[in-house]
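Written below as structure tokens is the structure these notes are about.
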Amino acid sequence: MARKRPSRRPRWFVIVLILILGYFGSILVSQGLYLSHVHEDQRGAAERLAAAQAENERLLAEKQHLGELPYIEKLAREELGMTRVGELPYAPGKRSGGN
């Protein structure tokens, strides 16, 4: 009786199957990394959005105050150093007179 030779097909099938699984595994890993980067970008964008919204609210409040005379006077005194008639300007940190 002659012994049957083992078929070569199962080996090729296993090799091809391993290659296909490896290919799809690498695709899954690369997609996972891509999604990780997308989530990081999304987090950064959400932080920038929150900062921009806070700045927008601050600017809207300032815009509303710009129509009020006391606020305009405060800005003129603090930022421009303006004074009323008869007042002397005060500059903190500066000394008058010489030593």
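None of the figures in this text is laboratory data; all of them are computed from the coordinates on show. From a predicted model like this one, the values you see are computed outputs, not experimental measurements. Note: ideal-geometry Cβ built from the backbone for every residue, glycine included; neighbour counts use all protein chains shown.
General remarks:
- Net charge dipole size for the stretch 13-80 [Lys, Arg +1 and Asp, Glu -1 on Cβ; Debye, nearest 20]: 300
- The calculated FRET efficiency for the pair residue 51 and residue 72, based on their C-beta separation and a Förster distance of 30 Å, comes to about 0.60.
- In this simple spin-label approximation, residue 43 and residue 87 carry label points 7 Å from Cα along the Cα→Cβ vector, and these lie 4.9 nm apart.
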